[in-house]
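These notes are about the structure you will find just below.
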Amino acid sequence: MEKYIAQYLNEAQAILTLLNIYSIKEVIKRLIALKQRHGRLFILGVGGGAGHASHAVNDFRKIAEIEAYAPTDNVSELTARINDEGWEMVFSQWLKVSRLNKNDALLIFSVGGGDEENKISMPLVRAIDCAKEIGATVMGIVGKSSGYTARKADACIIIPMMNSLMVTVHTESFQALLWHLIVSHPLLKSKEMKWESLGITHKKDRGNL
């Protein structure tokens, strides 16, 4: 038990030291530009990425005051589109109805980032194609440099792979860390978070500093 815990934490520490700061800055720069032009942010993911998308939408709207949406938040529309239009087109059709335009941006949360040849995460592939066709910005936080998102995005953060058997758990763990880093950046953050805004430090908390 302890061996696995130590391995996981050691790999996480190694990933932290290897993250590409330039890639993170590029994503932040594009989000700043998006905010300045009052564009919308559409956050896409499947599986764990869909859960991240819902949480991140809340943060970008509430903390950064960027108009943000996740198509997976509406399960009725999502399942209707899967049933009627097919899994592959579910995000691209949703984006078309949302009138995605060149002022908007996509943010992709995915482990592999999509793979057209092997038909993996095809809703993400088609959504990226839709965005590129109209000139919308595409960004991603993914675990594979060879995936569709990494190859097609305007800015993409790749989570370094320390262990091929742990690529999913490390990627999804660091996606959460990175979007919190991004949304709290002083050049993006518009509002203080609740506990920070209260300025309360309890005795027990001070003792742990």
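The values are calculated or read from the model by the stated rules, or taken from the named source; none is laboratory data. None of the values given here were measured: they were computed from a predicted structure. Cβ coordinates were reconstructed from backbone atoms using ideal geometry, including for glycine residues, and neighbour counts include every protein chain displayed.
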Checking the structure you have, find out if any residue of region 81-93 is in contact (Cβ under 8 Å) with a residue 40 or more places away in the chain and farther than 30 Å from SER197 by Cβ. yes
Could you tell me whether region 69-92 includes any residue that is at pLDDT 95 or above and touching a Cys at 6+ places or on another chain (Cβ under 9 Å)? yes
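Does ASN83 count as more than 15 Å from the chain's Cα centre (by Cα) and part of a loop (DSSP other than H, G, I, E, B)? So that I can check it myself, show each step before the final result.
Values: more than 15 Å from the chain's Cα centre (by Cα): yes; part of a loop (DSSP other than H, G, I, E, B): no.
So ASN83 does not fit the description; no.
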For SER54, which of the numbered conditions (1) buried (at least 20 other Cβ atoms within 10 Å of the Cβ); (2) touching an Asp or Glu at 6+ places or on another chain (Cβ under 6 Å); (3) not charged (D, E, K, R) fails to hold? (1)
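Being more than 12 Å from the chain's Cα centre (by Cα) and either under 17 Å from GLY114 (Cα atoms) or charged (D, E, K, R) (or both) is the filter; apply it to region 170-196 and report the residue that is surrounded by the most Cβ atoms within 10 Å (Cβ to Cβ).
Here is the first cut: in region 170-196, the residues more than 12 Å from the chain's Cα centre (by Cα) are 170, 184-196.
Those still in the list that are either under 17 Å from GLY114 (Cα atoms) or charged (D, E, K, R) (or both) too: 189, 191-192, 194, 196.
Details: LYS189: 15, LYS191: 11, GLU192: 12, LYS194: 8, GLU196: 10.
Ranking the qualifying residues of region 170-196, first place goes to LYS189.
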Restricting region 57-70 to residues that are in contact (Cβ under 8 Å) with a residue 12 or more places away in the chain and in a helix (DSSP H, G or I), the one surrounded by the fewest Cβ atoms within 10 Å (Cβ to Cβ) turns out to be LYS62
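Does any residue of region 20-34 turn out to be among the aromatic types (Phe, Trp, Tyr), within 15 Å of the chain's Cα centre (by Cα) and assigned to a helix (DSSP H, G or I)?
Initial filter on region 20-34 (among the aromatic types (Phe, Trp, Tyr)): 22.
Checking which are within 15 Å of the chain's Cα centre (by Cα) leaves us with none.
There is no residue in region 20-34 that is among the aromatic types (Phe, Trp, Tyr), within 15 Å of the chain's Cα centre (by Cα) and assigned to a helix (DSSP H, G or I).
For region 105-122: of the residues being of a type outside the set (S, T, N, Q) and over 15 Å from the mean Cα position of the chain (by Cα), which is surrounded by the fewest Cβ atoms within 10 Å (Cβ to Cβ)?
At the first step, the residues of region 105-122 found to be of a type outside the set (S, T, N, Q) are 105-109, 111-117, 119-120, 122.
When the remaining residues are screened for being over 15 Å from the mean Cα position of the chain (by Cα), the result is 115-117, 119-120, 122.
Numbers: ASP115: 17, GLU116: 14, GLU117: 6, LYS119: 11, ILE120: 17, MET122: 21.
Filtering region 105-122 for residues that are of a type outside the set (S, T, N, Q) and over 15 Å from the mean Cα position of the chain (by Cα), the one surrounded by the fewest Cβ atoms within 10 Å (Cβ to Cβ) comes out as GLU117.
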Can you give me the number of residues within region 28-49 that are in contact (Cβ under 8 Å) with a residue 24 or more places away in the chain and either within 23 Å of MET122 (Cα to Cα) or in contact with a helix residue (DSSP H, G or I) (Cβ under 6 Å, 6 or more places away or on another chain) (or both)? 10
How many residues does region 183-197 contain that are within 17 Å of VAL57 (Cβ to Cβ) and small (Gly, Ala, Ser)? 2
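Does ILE128 satisfy being closer than 19 Å to GLU88 by Cβ, surrounded by 16 or more Cβ atoms within 10 Å (Cβ to Cβ) and under 15 Å from the mean Cα position of the chain (by Cα)?
Numbers: closer than 19 Å to GLU88 by Cβ: yes; surrounded by 16 or more Cβ atoms within 10 Å (Cβ to Cβ): yes; under 15 Å from the mean Cα position of the chain (by Cα): yes.
So ILE128 fits the description; yes.
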